[in-house]
Amino acid sequence: SGQLDINTATFLLHESELRGEASSLSRVSGSQVVISDGMITTCGPGQNGWSIVASDIELDQAEGFGTARHVRLEVLDAPVFYWPYITFPIDDRRKTGLLFPTIAIGDDNGLDISQPIYLNIHPQIDATIAPRYIDGRGSGADSEFRYLSPYGEGEVSYGILFNDRKFDDEDRQVARWSHRGRINRWNLKTDFNYVSDDFYFKDLDTGLEISSQTHLPRLAEARYYGRTWQVLGRMQSWQTIDPTLEDQDLPYRRLPQLQLTGDPTLYGPLKGLWLSDITSFERSGSDDSGKATGLRA
């Protein structure tokens, strides 16, 4: 019948990559396992980096999630959190719910705690919202929205800290939109980044997919790949967040760049090669020579 009961069990579920121990284990059907006074983890034997210990655990492999009551999260066998009841995924299927919080304590910001909430909106759309509190500065939130569509995939990220007490009570923000897609023979790409001030990454770490760097890119690009001709259209600029840079060290903007290349047939087996590019270069700041910006072809 596929049913079994084992006392004082040590077990491994290969498909879910879960192993654990239990005072009693019952397999009530081909996909359901009930564990009493048990522990489960995905870590290797003897490597309990994390584990869930509970009085009752039910694993439903058909649905891809488990439920547990009177639960302790243990890290290196030390209890960290307690929940009276939780549900959690046991495979790569997504489920709306709380993710593990992040907690940090530092000299500059004091206690910094964030609680991510995962939203499985649609098989091709999900989001994460993480309310955040920084003891030395204030409260805010980070958010991330991911999507898949016939025109490509992308992520939209946004974070805000309201009325930063260490920054003249100003709101501080960071944002990004990244997209990669294809329509027929056209490849499309965008990467737009924004930060409200030069010192955001120095003062505030973020869990968003936005990296700290001197220049934040802002790019929109379309490429056409034909059998004979290839076309590139590009708009590219930067947000510089290093206040120490001189004008002559600032990056150029390409507003726009147009490129045409091809290998047309001229006569019989004879082929030609066409390479062309025209770009309008611009740069912020003053320029004494007056020749460092302009149109190049």
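The values are calculated or read from the model by the stated rules, or taken from the named source; none is laboratory data. Since we're looking at a predicted model, the values are computed, not measured. When we count neighbours, we look across all protein chains shown, and the Cβ atoms used for this are built from the backbone with ideal geometry, even at glycine. Each accessible area value is taken on the protein alone, full model and side chains, heavy atoms only, with ligands, DNA and RNA left out. Shrake-Rupley method; radii C 1.70, N 1.55, O 1.52, S 1.80 Å.
Yes or no: Leu295 open to solvent by 50 Å² or more (accessible area, probe 1.4 Å), within 26 Å of Leu188 (Cα to Cα) and either over 34 Å from the mean Cα position of the chain (by Cα) or hydroxyl-bearing (Ser, Thr, Tyr) (or both)?
The answer is yes for Leu295.
Residues are listed down the side, and each one gets a yes or a no for (1) surrounded by fewer than 15 Cβ atoms within 10 Å (Cβ to Cβ); (2) aliphatic (A, V, I, L, M); (3) at pLDDT 90 or above:
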| residue | (1), (2), (3) |
| --- | --- |
| Gly44 | yes, no, no |
| Ala54 | no, yes, yes |
| Glu58 | no, no, yes |
| Asp77 | yes, no, no |
| Phe81 | yes, no, no |
| Ile86 | no, yes, no |
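Can you give me the number of residues within region 7-31 that are open to solvent by 80 Å² or more (accessible area, probe 1.4 Å) and not in a loop (DSSP other than H, G, I, E, B)?
6
Among the residues of region 114-121, is any under 13 Å from the mean Cα position of the chain (by Cα), over 23 Å from Lys166 (Cα atoms) and assigned to a strand (DSSP E or B)?
Within region 114-121, one or more residues are under 13 Å from the mean Cα position of the chain (by Cα), over 23 Å from Lys166 (Cα atoms) and assigned to a strand (DSSP E or B).
Only one of these is surrounded by fewer than 16 Cβ atoms within 10 Å (Cβ to Cβ), of a type in the set (A, V, I, L, M, F, W, C) and assigned to a loop (DSSP other than H, G, I, E, B): Leu245, Leu255, Leu260. Name it.
After ruling out the rest, the residue left standing is Leu245.
Check Gly140, Gly159, Gly154 and return the single one that is touching a His at 6+ places or on another chain (Cβ under 6 Å) and either crowded, with 16+ Cβ neighbours inside 10 Å or under 18 Å from Phe100 (Cα atoms) (or both).
Gly154
Criterion first (closer than 20 Å to Ser149 by Cβ, open to solvent by 60 Å² or more (accessible area, probe 1.4 Å), of a type outside the set (Phe, Trp, Tyr) and modelled with pLDDT under 95) does Glu170 satisfy it?
no
Name the residues in region 88-105 that are assigned to a strand (DSSP E or B) and modelled with pLDDT of 85 or more, would you?
Of everything in region 88-105, those that are assigned to a strand (DSSP E or B) and modelled with pLDDT of 85 or more turn out to be Gly97, Leu98, Thr102, Ile103, Ala104, Ile105.
Can you find, within region 263-285, the residue that is most open to solvent (accessible area, probe 1.4 Å) among those that are among the polar types (S, T, N, Q) and part of a strand (DSSP E or B)?
Thr265
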